[in-house]
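Asker: Here it is, the structure in full.
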Amino acid sequence: MAQKGLLKEFTKGIVKENPVLCLVLGTCPTLAVTTSASNAIGMGVAATAVLVCSNAVISLLRKVIPDKVRIPAYITIIAGFVSVVQMLVKAFAPAINDSLGIYLPLIVVNCIILGRAEMFAGKNPVLPSILDGLGMGVGFTAALLCMGIIRELLGSGSLFGMQIMPVQILIFILPPGGFFVFGMLIMLANKLNTRAGKKVKTTPCDGCPMADNCAEKTCEKTAKEATLNAD
Amino acid sequence: MDAKLHVSSSPHFRGSNSTRRIMLDVIIALCPAAIASCVIFGWRSLMLIAICVASCVLLEYVARKIMKRDTTVGDLSAIVTGLLLALNLPVDVNPLIAVFGCVIAIIVVKQMFGGIGMNFVNPALAARIVLLVSFPSAMMHWVPALGAPEDAIIDATTAATPLAAAPGTYSYVDLLIGRCGGSIGEVCAVALIAGGVYLVIRRVISPIIPCVYLATSALMSLVVGLDPLYQLLSGGMLLGAIFMATDYTTSPVTRWGKVIYAVGCGFFTIMLRAFSNMPEGVSFSILLMNILVPLIERITVPRTLGYIKKKKGDSK
């Protein structure tokens, strides 16, 4: 049972609570760095590393950090890890550092990381927090990779820098194309989630402005009668 | 559903106007420009128009079917969109690019927002801008028109548009009858004006938007030191003012709203022409004002009959 619970913490971030496509967090880096697939992976991996480490540490310190100053404390911890990641990227992948530019240090204020610290790591033990961070990170990377592949393929006709298509529809690597692809992916994620989950129950009272105050739910009753009569 | 008793709210008298009739009038009004484009640029422009109209109608039909909604091909609005888009393209554009434009216009801008009457910007205009941003070289490639002046011809296949050409290259007569480079529908000013006059006489469009638009543009040209008449007759100004800016869905319904909207269109058109790095600003300015329409309508709500404005400091 415990095993199952842990697995769930990991998988929920990938589709069901995907930070980008369902929670719509971290939109700024999502739109800004997904002009190519390799950028997207770089950003995703960097953010995942920070997310996992900060979740672990915040979860360890959750009983030490006073509630009133928790946000500054979280930010300090996150900023520490971002500095580490930034130095590593600069040292070992200078090309990615150049193309990500300001968005790499801006992981500090990425709302996915702060959001997970606030919503999850600050309240849960270490292991689930790490898995939660890992799942969210994988979901973030997957969403970024999807967008990066679509935008790079259509916008510059290439994939990971290899030219494979002769046509280039420039708008896809410009901001409007980014928003368009983002919207399409959100639509897709919504579709997948509503199909997987249970259907939302609709009643005849849904459109009625008085539904909340209506004690008798007469419209529901009449609708039921109507269906009965129809039968 | 053929009930014997009709229960409906007022008004009970209805005019004979229908969407179909209005769209048919717009198509008739666009015919002179379409014919002029065929004369000026040859059979290729006829082919371009045919491709755009056919793909718009087909896409509209398919999109409505996929979304499980009623078919709205019968109201002719898809034909108008296709025709307007075609008239906004250069004649030697790749047909696949034109079809991509139709996809943007019909699927993305029109049907994704709910079909006719629901789009927040003019579909043909949005498609033109998407194409312009996506394929700048193909969309800015102008072939010489029939009888264009020698000076305007850059090499065997390209000619400068009036807005990009050196001053004095084109005379007013060249601009009026379309002896200049440009999108196939925008070059012949006489045909566009004839279409506009027809629309005003048939009361399909109110003359407020085109007139205020052109007047503001002329005034702004004077302010920034351009030749007003030349600015009005060149580029997509007339096509935009008469056919694009007056789209019912994306222009204000109130009279003062129309004025504000048209002033904005004219102002931004000339500012973009004079100070941006692009030669043409009509599409961008109309698109911008399209987006502002809900706000313009909110501030120009007419006073209700009998409603007295409250004085400041008056308590209830």
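The values are calculated or read from the model by the stated rules, or taken from the named source; none is laboratory data. Just so it is clear, the structure is predicted and the values come from calculations on it, not from any experiment. Don't worry about glycine lacking a Cβ; one is built from the backbone with ideal geometry, like all the others, and counts go over all protein chains shown. The accessibility values were calculated without ligands, DNA or RNA, using every heavy atom of the protein model including side chains. Shrake-Rupley method; radii C 1.70, N 1.55, O 1.52, S 1.80 Å.
Asker: Looking at region B:104-135, which residues lose a minimum of 10 Å² of accessible area between their chain alone and all protein chains in place, measuring with a 1.4 Å probe and not counting ligands or nucleic acids?
Answerer: Listed by number, the residues meeting the 10 Å² cut-off are B:VAL108, B:MET112, B:VAL130, B:VAL133, B:SER134, B:PHE135.
Asker: Are there trypsin sites (Lys or Arg not before Pro) in region B:234-310 that DSSP marks as loop and that have at most 13 other Cβ atoms within 10 Å, and which are they?
Answerer: The qualifying sites are B:ARG303, B:LYS309, B:LYS310.
Asker: Here is a further query. For chain B, what does the helix formula give at 222 nm: sum of -39500 (n - 2.57) over DSSP H segments with n ≥ 4, over the residue count, nearest 500 deg cm²/dmol?
Answerer: So the calculated ellipticity at 222 nm is -16500 deg cm²/dmol.
Asker: With labels modelled as points extended 7 Å from the Cα through the Cβ direction, what inter-label distance (nm, one decimal) is found for A:GLU118 paired with A:MET187?
Answerer: 3.1 nm
Asker: Rounding to the nearest 20 debye, state how big the charge dipole of the protein assembly as shown is about its Cα centre with +1 on each Lys and Arg Cβ and -1 on each Asp and Glu Cβ.
Answerer: Using Cβ point charges on Lys, Arg, Asp and Glu, the protein assembly as shown gives about 2180 debye.
Asker: Using label points projected 7 Å from each Cα along Cα→Cβ, tell me how many nm separate B:LEU5 and A:LYS16, to one decimal.
Answerer: 5.4 nm
Asker: Let me ask another. What relative contact order, as a whole-number percentage, does region A:59-208 give when Cα pairs under 8 Å and 6 or more residues apart are counted? Kindly include the intermediate steps, with their values, before the conclusion.
Answerer: Working: 84 pairs, mean separation 25.2, N = 150.
Answer for region A:59-208 is 17 percent.
Asker: Need the C-alpha centroid separation for region A:1-78 versus region B:221-254, integer Å.
Answerer: 50 Å
Asker: Continuing with the same structure: Taking only protein heavy atoms into account and a 1.4 Å probe, give the accessible area per residue of the protein assembly as shown in Å².
Answerer: Accessible area per residue, the protein assembly as shown: 53 Å².
Asker: Counting only C-alpha contacts under 8 Å and six or more residues apart, can you give the relative contact order of region B:20-299 as a whole percent?
Answerer: 19 percent
Asker: Along the charge dipole of the protein assembly as shown, which of B:GLY115, A:LEU21, B:VAL293 sits closest to the positive end, that is, farthest toward it, with unit charges on the beta carbon of Lys, Arg, Asp and Glu (+1, +1, -1, -1)?
Answerer: Value: A:LEU21.
Asker: Projected onto the charge dipole of the protein assembly as shown (+1 at Lys/Arg Cβ, -1 at Asp/Glu Cβ, origin at the Cα centre), which of A:VAL89, A:PRO175, A:ALA121 gives the Cα projection farthest towards the positive end?
Answerer: A:ALA121
Asker: Can you find, among B:LEU5, B:LEU59, B:ILE22, the residue farthest towards the positive end of the dipole of region B:1-65? Put +1 on the C-beta of Lys and Arg, -1 on that of Asp and Glu.
Answerer: B:LEU5
Asker: Assuming R0 = 60 Å, what is the FRET efficiency of B:VAL73 and A:LYS63, from their Cβ-Cβ distance, to the nearest 0.05?
Answerer: Values: r = 66 Å, r/R0 = 1.11.
Step by step, r from the Cβ atoms, then E = 0.35.
Asker: Further, regarding this structure: Rounded to a whole number, what % of the accessible area of the protein assembly as shown do carbon and sulfur atoms account for, probe 1.4 Å?
Answerer: Details: 19920 of 29060 Å².
The value for the protein assembly as shown is 69 percent carbon and sulfur by accessible area.
Asker: Around B:TYR172, with a cut-off of 14 angstrom between Cβ atoms, what is the net charge of the other residues, counting Lys and Arg +1 and Asp and Glu -1?
Answerer: -1
Asker: Return the value, in Å² to the nearest 100, of accessible area buried between chains A and B (probe 1.4 Å, both sides summed).
Answerer: 600 Å²
Asker: Something else: At what distance in nm do the modelled label points of B:LEU288 and B:SER18 sit from each other, each positioned 7 Å from its Cα along Cα→Cβ?
Answerer: If labels sit at B:LEU288 and B:SER18, their model points lie 4.0 nm apart.
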